[in-house]
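Everything below concerns the one structure shown next.
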């Protein structure tokens, strides 16, 4: 392996993020300044995006043996970076209102973004694991960042223990796969599998353990137990990050790995993912109905959404990849928007997470309530929103490969999902008794409102006119 | 372009009304009336230019690219059937705004936004010739309707709105699956992946596939229509919605189900529909009798009228699956006359509610002497509902029964019993509400000027449809006869199979 072959400009995004986090750290050492750090973070994220737009969008190359920078990876990296930017915009106002030391948060945010961006382009177990760990370890501290809050420690600890466990599972699985195939490179494993043609028991065990690990990170049933608690305990912007950036990276990794080793030819693996997908769609949605906490509702809904994405993942092929990409865009936009609303309504003491906090919101903050309604309708997959086109894409990819059972379950899950999305919307429109007692007194920042506004405009634009985005995705996936 | 204008005028009008209501509530109402009136006049002008519609089936067409990479186009077209349904939409839509003039004082702008967007969705459904766009509009109807019931409804509105939403959304998703199934079946067979209605019309597929896809479409339409046993959302939604909501639900939303059957299920899946026809007719008859018997036992006036809708819509599915021209003409007449007569009954129920603040018919009675104008109007529509000759509903039911006699005499006899049952529940309305002793201590002023403006055109049109149904028949004749070019073959096959 020759390091010197690597063109420095090819790995610039990673460098950029690392440098930015180092700079942030240095500046904290000199003087704490929330605005400065926030600006640094935003600019570096923006810089990476511009780089991707200008340079990487028509460069395809590999950094042997760790990374492959193809269209799919570049597209999702761009998505991740922009999402991180949106989240940091939302975070500024959120943390500004809180007294604790807020500067380190941005270092963690940058590093977590770096981890996720690494996952997206990795084609080797080492880079995979490094990306995953950079992501997870940053998240441990982000989850419990507001440590004075009662639930924060619980959430952080829970995430730490379970994520560490799942990493161990993953590592053990990788070791087994390596032991059998003698390669940690995705291509090498694929070659080995092609030559042998069937899965040996050890290999199967390796894959099984890896599925457990990945399942934990994705928060799919039956590995979903941590999701609601962590979502509830983490600060709202961090929750948005976990729901979008961290999961998106792993979805892409899964698609890439599966594609490369041609996982569709092993019925056992396909069956286990089918079971996981169906269980996530149904159980996620059913459990969400009974929740009274908006963050928990969104947590369960994200479990279900991961199940939906698995449908397109299992459908595979070009259409499946397109569907996954489109759905991720829609899902990112919508979830950041939804958690953005939660964070904008939160005040110093607690997050706006009780469903009562939303009672009559439409009459108190009509604009925010309209945004939230749009986001929830998008999550429910109602037309005029990106979520609808995304779900349509998923169903199309499923029908295309005749996964009727999965597609029917997706439809059933969506119907169950309507119950709780509509419940929140109805609450916001309900001007019943007690709605005049406002328990939360958030300060509204213009930057938050603008971010939310942009997110909803994009979400509706992609819902009404998806052609542009679809063409772009098809371009990248070529 | 005029077809796009139909939809955009309503959508833009809705947004304007919402914004302007912040300053002037009445102006928002006027904007809504104006938007609907412009659409109505445009519709009339199309009819004026094509009085008998002989030249070609499609009067106007409009196609624009939307998502070409998935074969989705923004494709609208209008024929006689669409035209009639559109006119009904705008006609009743205007009254929907007028009837809420005093009733809705809270969040006026948002109300009119929702009202116009429901109507825009309905308009789109009646116009679209692209299945993706159809599903799109089908859903656009849903959310505003949910708000119309859920915000401005009566005491149990949240439950009713929920139920309405879940029922229609669940069945709509099944239709989406079927649409996608058809898309891929057609795409695989021909190589062109498209949602265009005309391209999909003669898709070759195996009987099994056809049956499943048809059931997907049928699910959405029988829930919307509704056909017993999928009707349980209807009494709740109708009785809990505000007057305008009930008017639009009964007058228009149910018709989208009937329209879907005629426009999509029969032409797209001719042999599968022939196969299911006897069952569909059976369910139609069950609906007619079940709806009638439940209507007879209601005490809530709006709920009573809602159940009469179930009964009347039974005639629609009954006639559609009789597979002949006469029955189909009856069905189209039924769609229009039921829209007018039931809409009018809901408006009356709303006016009564405004006066005595109850929908319970046991506390009504003796209105004839206090409010003669209202009572006469009531009498006319009650008689229309029971199918009195000379009023529109008679023509509709008569044609349906004649047509279906050829298809299935036994079931037709039972369906005819439904007309007798209609007499019972209709006269019961008359007796309980307008005759008898005046019991309530509230004063009953007669219809106001505004209410008369609503009622008089409705009365005129129901009488006109009863006496001169021919112009309406002419408009749809061509559409219907073309429909049966394909279906005649399959019906004969089917009837041979029965023997």
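The values are calculated or read from the model by the stated rules, or taken from the named source; none is laboratory data. Remember, predicted model here, so these are calculated numbers, not experimental data. Cβ placement follows ideal geometry from the backbone for every residue including glycine, while neighbour counts extend to all protein chains displayed.
List of remarks:
- Residue selected from the stretch B:153-186 under the condition farther than 30 Å from residue A:406 by Cβ and surrounded by 24 or more Cβ atoms within 10 Å (Cβ to Cβ), by the criterion nearest to the other protein chains (Cβ to nearest Cβ): B:161
- Checked across the stretch B:139-157, the condition of being in contact (Cβ under 8 Å) with a residue 60 or more places away in the chain and closer than 30 Å to residue B:49 by Cβ holds for at least one residue.
- Sole residue being closer than 26 Å to residue B:283 by Cα and part of a helix (DSSP H, G or I), chosen from B:350, B:403: B:403
- Checklist (1) surrounded by fewer than 22 Cβ atoms within 10 Å (Cβ to Cβ); (2) closer than 30 Å to residue A:205 by Cα applied to residue A:97, failing item: (2)
- So residue A:147, is it over 19 Å from residue A:247 (Cα atoms) and outside any helix (DSSP H, G or I): yes
- In the set A:131, A:156, A:115, A:73, only one residue is in a helix (DSSP H, G or I), closer than 23 Å to residue A:215 by Cβ and at pLDDT below 90; that residue is A:73.
- Failed condition for residue A:307, given (1) closer than 15 Å to residue A:414 by Cβ; (2) free of Cβ contacts under 8 Å to residues at least 24 places away in the same chain: (2)
- Matching helices (runs of 4 or more DSSP H) fully within the stretch A:316-421 where at least 1 residues are more than 13 Å from every other protein chain (Cβ to nearest Cβ) and under 22 Å from residue A:289 (Cα atoms): A:317-345, A:361-364, A:366-380
- Pick from the stretch B:187-216, criterion touching a strand residue (DSSP E or B) at 6+ places or on another chain (Cβ under 8 Å) and either in a helix (DSSP H, G or I) or buried (at least 23 other Cβ atoms within 10 Å of the Cβ) (or both), ranking: farthest from the other protein chains (Cβ to nearest Cβ): B:197
- For the stretch B:155-169, the count of residues that are assigned to a loop (DSSP other than H, G, I, E, B) and in contact with a helix residue (DSSP H, G or I) (Cβ under 8 Å, 6 or more places away or on another chain) is at least one.
- Qualifying residue in the stretch A:361-370 (condition: on the phi > 0 side of the Ramachandran plot and more than 22 Å from the chain's Cα centre (by Cα)): no
- Residue among B:373, B:318 that is assigned to a helix (DSSP H, G or I), in contact (Cβ under 8 Å) with a residue 12 or more places away in the chain and over 18 Å from residue B:436 (Cα atoms): B:318
- Within the stretch B:118-136, the only residue that satisfies the criterion of being under 22 Å from residue A:421 (Cα atoms), at the interface with chain A (Cβ under 10 Å from one of its Cβ atoms) and touching a residue at least 40 places away in the same chain (Cβ under 8 Å) is B:135.
- Restricting attention to the stretch A:423-478, the residues that are more than 14 Å from chain B (Cβ to nearest Cβ) and either modelled with pLDDT of 85 or more or in contact with a strand residue (DSSP E or B) (Cβ under 6 Å, 6 or more places away or on another chain) (or both) total 14.
- Qualifying positions in the stretch B:437-450 - touching a helix residue (DSSP H, G or I) at 6+ places or on another chain (Cβ under 8 Å) and outside any loop (DSSP other than H, G, I, E, B): B:450
- Single match in B:453, B:429, B:463 (criterion: in contact (Cβ under 8 Å) with a residue 40 or more places away in the chain, touching a helix residue (DSSP H, G or I) at 6+ places or on another chain (Cβ under 7 Å), surrounded by fewer than 16 Cβ atoms within 10 Å (Cβ to Cβ) and within 21 Å of residue B:391 (Cα to Cα)): B:453
- Residue check for residue B:203: within 26 Å of residue B:18 (Cβ to Cβ) and in contact with a helix residue (DSSP H, G or I) (Cβ under 6 Å, 6 or more places away or on another chain): no
- Residues within the stretch B:61-78 that are outside any strand (DSSP E or B) and touching a strand residue (DSSP E or B) at 6+ places or on another chain (Cβ under 9 Å), tallied: 1
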